[in-house]
Amino acid sequence: MKEYIGSVCLDLTDYEGVDRYSDGAVEDELLEIVKSASDAGTLNKIIEERKSWPLLYHLSPLRYNIIESIPIRQGEKVLEIGAGCGAITGILAEKAGKVTCIELSKKRSMINAYRNQGKNIEIKVGNFETVHKKLQETYDVITLIGVFEYAQSYIDSPDPFVDFLKMIEGHLSEQGRVILAIENQYGLKYWAGCREDHVNQFFSGLEGYPGTDRARTFGRDGLCRLLKKAGLSAAKVYYPYPDYKFAMKIYSDDYLPKKGELINNIRNYDNDRMYLFNEELVYDSLIEDGMFPFFSNSYLIVAGRKE
């Protein structure tokens, strides 16, 4: 069964009839907002007035920044896994001309559809493990933006992270690439006193996520090892700052930050935190000793079978 909201197609063939996860009443608020306002100016005004972290996170045009610099050409086939409320779906559709999404939640898919209803988008609603088996084509770009860390929640496997990547690799075109954005397990903000983003506990990631299997992140080398095991051995790592959610700068191994540049560190929108040290000064020390890549708060990785 298919439904249309503007030019957006919601394919409900594999939808189980109930959303397995939800942020609760805020999703109803998001849906009402995007039904009446989808342009950036109006959304920014609403975000400023309501001062709500979920609205900022899901609706801010700044979310586009993590994808905007990635070269995606018109006509390339793009698959967005875990599209959520459409934080980056719009920019993907603009760059490629069309995007196919996979999203578990119908409510979030509707939010995505209303905010992007004038664009060429198809959203397949259902569990990735089910939907991916029915995909008939390969893709030039497959995105995992804030998704990979939850693999063990929806991939039934003894090695869910590698097997998830292997499934994705099987849908890549010959020269296709995976775009993965994720928090760094060893990001400096966690040492400095921020709660771990996904499990809301101090130092949880640094300690190896004891007592929880909800989500987990990885360091730079750990991510590259997982990609290599899945056949994606050509990986270029970038460093979004202050993180991938609201990236204001994106560094690379060819252009690393210089001392005095990383000054926008007191970012903790939705939770309390500790202030154990001056992050700006610690960053300067790490930069001087060539250690910034290990402590970057987030990673953006473009990976494929070949360079």
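Structural remarks
- Against the test of being surrounded by fewer than 21 Cβ atoms within 10 Å (Cβ to Cβ) and in contact (Cβ under 8 Å) with a residue 24 or more places away in the chain, the options TYR241, TYR269 yield a single qualifying residue, TYR269.
- ALA230 small (Gly, Ala, Ser), open to solvent by less than 20 Å² (accessible area, probe 1.4 Å), at negative phi and more than 19 Å from the chain's Cα centre (by Cα): yes
- Taken over the stretch 146-170, residues that are open to solvent by 20 Å² or more (accessible area, probe 1.4 Å) and in a loop (DSSP other than H, G, I, E, B) amount to 5.
- Residue within the stretch 86-93 that is outside any loop (DSSP other than H, G, I, E, B), within 24 Å of ASN271 (Cα to Cα), aliphatic (A, V, I, L, M) and open to solvent by less than 10 Å² (accessible area, probe 1.4 Å) present: no
- Matching residues, the stretch 1-39, being touching a Leu at 6+ places or on another chain (Cβ under 9 Å), within 16 Å of ASN116 (Cα to Cα) and assigned to a helix (DSSP H, G or I): LEU30, ILE33, VAL34
This table checks each residue for (1) over 22 Å from SER153 (Cα atoms); (2) in contact with a Gly (Cβ under 9 Å, 6 or more places away or on another chain); (3) modelled with pLDDT of 95 or more.
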position: LEU206; (1), (2), (3): no, no, yes
position: GLY222; (1), (2), (3): no, no, yes
position: TYR251; (1), (2), (3): yes, no, yes
position: PRO257; (1), (2), (3): yes, no, yes
position: ASN264; (1), (2), (3): yes, no, no
position: SER285; (1), (2), (3): yes, no, yes
position: PHE295; (1), (2), (3): yes, yes, yes
position: ALA303; (1), (2), (3): yes, no, yes
position: LYS306; (1), (2), (3): yes, no, no
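- Any chance GLU279 is over 30 Å from SER52 (Cα atoms) and of a type in the set (Asp, Glu): no
- Filtered by the rule that a residue be in contact with a helix residue (DSSP H, G or I) (Cβ under 7 Å, 6 or more places away or on another chain), open to solvent by 50 Å² or more (accessible area, probe 1.4 Å) and in contact (Cβ under 8 Å) with a residue 40 or more places away in the chain, the stretch 7-23 gives TYR15, SER22.
- Subset of the stretch 115-144 [over 20 Å from GLY170 (Cβ atoms) and surrounded by 22 or more Cβ atoms within 10 Å (Cβ to Cβ)]: ARG115, ASN116, ILE121, ILE123, VAL125
- Unique match (being free of Cβ contacts under 8 Å to residues at least 60 places away in the same chain and within 21 Å of LEU172 (Cα to Cα)) among GLY86, GLY97: GLY97
- Of residues in the stretch 281-298 being open to solvent by 20 Å² or more (accessible area, probe 1.4 Å) and assigned to a loop (DSSP other than H, G, I, E, B), the one farthest from GLY219 (Cα to Cα): ASP289
- Residue tally, condition of a type outside the set (Lys, Arg), surrounded by fewer than 16 Cβ atoms within 10 Å (Cβ to Cβ) and within 21 Å of VAL125 (Cα to Cα), over the stretch 30-59: 1
- Of the residues making up the stretch 223-246, those that are within 17 Å of SER296 (Cβ to Cβ) and assigned to a strand (DSSP E or B) are ALA235, LYS236, VAL237, TYR238, TYR239, PRO240, TYR241.
- For TRP191: the one exception among (1) open to solvent by 40 Å² or more (accessible area, probe 1.4 Å); (2) assigned to a loop (DSSP other than H, G, I, E, B): (2)
- Criterion: in a loop (DSSP other than H, G, I, E, B) and either farther than 17 Å from SER296 by Cβ or aliphatic (A, V, I, L, M) (or both) - qualifying residue of PRO210, PRO257: PRO210
- For the criterion of being within 25 Å of VAL26 (Cβ to Cβ) and in contact with a Gly (Cβ under 9 Å, 6 or more places away or on another chain), ALA181 passes.
- The requirement of being out of contact with any Pro (no Cβ under 6 Å at 6 or more places or on another chain), open to solvent by less than 90 Å² (accessible area, probe 1.4 Å), assigned to a loop (DSSP other than H, G, I, E, B) and closer than 27 Å to VAL199 by Cβ is not satisfied by ASN264.
The values are calculated or read from the model by the stated rules, or taken from the named source; none is laboratory data. Please read these numbers as outputs of a predicted model, since none were measured by experiment. Every residue, glycine among them, receives a Cβ derived from its backbone with ideal geometry; neighbour counts consider all protein chains shown. Only protein heavy atoms, including side chains, enter the accessible area calculation; ligands, DNA and RNA are left aside. Shrake-Rupley method; radii C 1.70, N 1.55, O 1.52, S 1.80 Å.
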